[in-house]
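The values are calculated or read from the model by the stated rules, or taken from the named source; none is laboratory data. Not measured: the values here are computed from a predicted model. Here the Cβ positions follow ideal geometry from the backbone for every residue, glycine too, while neighbour counts run over all protein chains shown. What goes into the accessible areas is simple: the full protein's heavy atoms, side chains included, and nothing from ligands, DNA or RNA. Shrake-Rupley method; radii C 1.70, N 1.55, O 1.52, S 1.80 Å.
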Amino acid sequence: MNDILEFFNQNLQMIYIVILMIFVGVEIIGHVPAVLHTPLMSGANAIHGVVIIGAILVMLHMEPSNKLGMAIGFLAVILGTLNVVGGFVVTDRMLDMFKTKK
Amino acid sequence: METFLLNLAYLVASVGFIIGLKMLGSPKTARKGNLIAAFGMTLAILATIFIYPHTAQIKVPGFVYALIFTAIAIGTIIGWGIAVKVEMTKMPELVSFFNGMGGATAALIGLLEFHHNVGNPGKMFMVIAGMVIGSISFAGSMIAWAKLSGKMRKPVRLPSYNILNTLMAILIIALGAYIIYTGVANPAYIYALFALSLLYGVLFVLPIGGADMPVVISLLNSFTGLAAAFGGFLYDNMAMLTGGILVGSAGTILTIAMTKAMNRSLTSVIFGAFGEGSNAAAGSGTKIQGNVKEAGPSDAAILLNYANKVIIVPGYGLAVAQAQHVLHELEELLSKKGIDVKYAIHPVAGRMPGHMNVLLAEANVDYDKLVDMDDINNEFKNTDVVLVVGANDVVNPAAKNDPSSPIYGMPILNVEDAKNIIVNKRSMKPGYAGIENELFYNPKTSMLFGDAKSALTKVVQELKGM
């Protein structure tokens, strides 16, 4: 129990950010026309690729002798990049089609 | 100074995500919004690679940098290649695939971070939560991808799968809590948890029918966002935290918006009332009485030629046949003859909300000609000919008339109000929801059988000769 209380106190700012961001997310999406649901989902999909930062941090901190760890981290960075690059490029491609109309 | 630069980069990235996502919500600014979010992401990644090691005062050997750059290069080449090549009809499964990659990244981070955080319950909670959610998202997305790309068509249901899944979820939570509270250092526990989470992701999506996949993908999308946010907590990383939470909450709202468009609740999607209902309907054999009237391309062309007002209802069949270009040609031809032509877009036409708009935009169809369901539903009664191309469930009157139908209550296009209806379909086979459509037996309906592309091409040729 004490652990939880301490965690709450130590991370209060983070908790505030989380709550505020939840509202920001809800507000942003609230009034979007159905037409844009697919590109929006795709764009949001690319944004959560930010998890790649975690993969990079893991690799930067890893002991160089940890071969298995390096291999897993390497794979994680590849997959994270796939998420980011693929996500943004495919969203751009979709939106490009909306633009090329006469 | 370096700490300032790093924090600034993360701050700019977070603002970029928010502004980018906001701009994605309007057709005019959407493309720029995507680029802004991408810019924020690039900045955050570069800052992590180049500035972070200085602020954390860690010595990173050169080969680690080489590995990171190689990994990013490989990911970029593959990701870019897939994203540029894939056909627009395959968009939903592609989003699912990329989503799965993000989930896998979160899962792998969890595996690697496990032993660093033994004995620290707060951090261990973040590690475990991120890994479990990431694994579920990865496994679930892969199943959704397989289903949408047609590799796995039928929902697979183990006996009493709802109870089984609930038990598995409880087991995962219990095992996670055990690891966090006891602080066990044996990696076998985390691998067991990893395996269980993957299995849960598979079992979670397997019973859900293909028609509900967009909802599932959207849900898993917000899951991955959540997993990224837990990573943000773990590393005290603001870019990860804000980006993750933003996607988590926006994704949840998007999921709810999608279920609303289909008049379904999230619980019925997950616990699978849909598929069971349709199986029951098929089994009880509620046969529709009546005759089906068949029309050839010339009949269809004549009907269209003498109409004043035509509404086209495109469905996924159009996309599968890659017929959007010839449909656009048909529409232009009719417009030139002075016929008023519009497209009626059902919110879930295609495989995802907005999917049909993307496909038609690809074929250069004028944005103004695409009309949303609510705006066009009153126009059908003044319409001479409705041309339904490869759509089925979204024009099924059973959604309004038959309370026993599994799609009862789903808003549909009031196609049957029009004076004439031409339905282009490959065969009489039921649509994605697996139910019969009485519209096809309506005396006003003519069935134009055949692949949308070849059938429409023939109609266009006939029209040109008139």
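Side notes on the structure shown:
- Axis of helix B:161-182 versus longest Cα principal axis of chain B: the two differ by about 20°, to the nearest ten degrees.
- Calculated FRET efficiency for the pair A:L20/B:F63, C-beta based, R₀ 51 Å, to 0.05: 0.80
- In the stretch B:202-248, the residues that give up 30 Å² or more of accessible area when the other protein chains are added, compared with the chain on its own (1.4 Å probe), are B:N221, B:A228, B:F233, B:Y235, B:M238, B:M240, B:L241, B:T242, B:I245, B:L246, B:V247.
- What the protein assembly as shown shows is 40 Å² of accessible area per residue, with the surface traced by a 1.4 Å probe over protein heavy atoms.
- Judged by the mean number of other Cβ atoms found within 10 Å, the most tightly packed of the peptides B:68-81, B:229-242 leads the ranking B:229-242, B:68-81.
- In sequence order, the stretch B:29-46 has phi-based couplings of 9, 4, 5, 5, x, 4, 5, 5, 4, 5, 5, x, 5, 4, 4, 4, 5, 4 Hz under the Karplus curve 6.51 cos²θ - 1.76 cosθ + 1.60, θ = phi - 60°, and Gly or Pro positions carry x.
- Each residue of the stretch B:211-227 was assigned a 3J(HN,Hα) from its phi angle through the Karplus curve 6.51 cos²θ - 1.76 cosθ + 1.60 (θ = phi - 60°); the sequence is 5, 8, 4, x, 5, 5, 4, 4, 5, 5, 4, 6, 4, 4, x, 4, 4 Hz, with glycine and proline shown as x.
- The lysines whose alpha-carbon is closer than 19 Å to the alpha-carbon of B:K309, local same-chain residues fewer than 8 away aside, are B:K336, B:K337, B:K342, B:K369, B:K381, B:K419, B:K444, B:K464.
- Computed from backbone phi, the HN-Hα couplings of the stretch B:117-130 come to 10, 4, x, 10, x, x, 5, 4, 4, 5, 4, 5, 4, x Hz, rounded to whole numbers (Karplus: 6.51 cos²θ - 1.76 cosθ + 1.60, θ = phi - 60°; Gly and Pro given as x).
- Per-residue mean of C-beta atoms belonging to partner chains within 10 Å, peptide B:60-69: 4
- Per-residue mean of C-beta atoms belonging to partner chains within 10 Å, peptide B:342-349: 1
- Cut-off under 5 Å, modelled amide H: who pairs with B:R426 long-range: B:G450
- Each label was represented as a point 7 Å from its Cα along the Cα-to-Cβ direction; for B:N401 and B:F4 these points are 7.3 nm apart.
- Rough spin-label spacing in nm, given labels placed 7 Å along Cα→Cβ, for B:T267 and B:A177: 2.2 nm
- Counting only other chain Cβ atoms within 10 Å of each residue's Cβ, the peptide B:113-124 averages 2.
- Between helix A:52-61 and chain A there is an angle of about 30 degrees, using the helix long axis and the longest principal axis of the Cα atoms.
- Cross-link reach list, aspartates and glutamates versus B:K400, counting only Cα pairs under 19 Å and skipping chain neighbours closer than eight places: B:D372, B:D374, B:D375, B:E379, B:E416, B:D417, B:E436, B:E438
- Principal-axis analysis of the Cα atoms of chain B puts helix B:238-261 at an angle of about 30° to the longest axis.
- Proximal lysines relative to B:K32, as straight alpha-carbon distance under 23 Å, when same-chain residues fewer than 8 apart are discounted: A:K99, A:K101, A:K102, B:K22, B:K85
- Whole-Å distance, taken between Cα centres, linking the stretch A:33-87 and the stretch B:168-183: 26 Å
- Rounded FRET efficiency, nearest 0.05, which uses the C-beta distance separating A:F8 from B:L11 and R0 of 35 Å: 0.90
- In range of the label at A:A71: residues from the stretch B:100-122 whose backbone nitrogen is under 20 Å from the point 7 Å along Cα→Cβ: B:104-116
- Surface composition of the stretch B:1-81: carbon plus sulfur atoms contribute 75% of the solvent-accessible area (1.4 Å probe, protein chains only, all chains present).
- Estimated buried accessible area (total), pair A and B, 1.4 Å, Å² to nearest 100: 8400 Å²
- Inter-probe distance in nm under a simple model that places probes 7 Å from Cα toward Cβ, at A:E27 and B:T55: 2.5 nm
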